[in-house]
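Bear in mind that the values in this text are calculations on the coordinates, not laboratory data. The shown structure was predicted, so the numbers you read here are calculated from the model rather than taken from an experiment. Here the Cβ is made from the backbone with ideal geometry for all residues, glycine too, and neighbour counts use every protein chain on show.
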């Protein structure tokens, strides 16, 4: 088996220029019998102004989301500012809930910044992962 057989990357925030707070789409961890590990990956382009605070939320039902407790994170989600052009941020996620999503809370932005976020799911109960 290879990494490709055990990892599935899902989009939560599409890469875009952001000037307002945005909820990402949810990522379902119940694929291949359940993905036991997850990593948030945030990539930035040009950030011109504002503060863009990234947080993670989880849910048992894909309806009611709440912030993932800091004790369930490996690292700290980034607070992106103008000095963060062309960077990659990674945070491990130990949440046991089925659904995850990324939230970008934006303050003080006129032209904002370009960034996106994916969640890499790993350690499937059944391998190789299904790519649909």
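What the table below lists for this structure:
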item	result
Test for residue 108: is it farther than 25 Å from residue 2 by Cα, in contact with a strand residue (DSSP E or B) (Cβ under 8 Å, 6 or more places away or on another chain) and surrounded by fewer than 14 Cβ atoms within 10 Å (Cβ to Cβ)	yes
Residue that is surrounded by the most Cβ atoms within 10 Å (Cβ to Cβ), among those in the stretch 73-93 that are in contact (Cβ under 8 Å) with a residue 40 or more places away in the chain and closer than 30 Å to residue 30 by Cβ	93
Residues of the stretch 12-32 satisfying the condition of being more than 13 Å from residue 100 (Cβ to Cβ) and either part of a loop (DSSP other than H, G, I, E, B) or free of Cβ contacts under 8 Å to residues at least 60 places away in the same chain (or both)	19, 20, 21, 32
Qualifying residue in the stretch 33-48 (condition: exposed (fewer than 12 other Cβ atoms within 10 Å of the Cβ), within 17 Å of residue 8 (Cα to Cα) and in contact (Cβ under 8 Å) with a residue 12 or more places away in the chain)	yes
Residues within the stretch 100-115 that are within 15 Å of residue 55 (Cβ to Cβ) and within 17 Å of the chain's Cα centre (by Cα), tallied	8
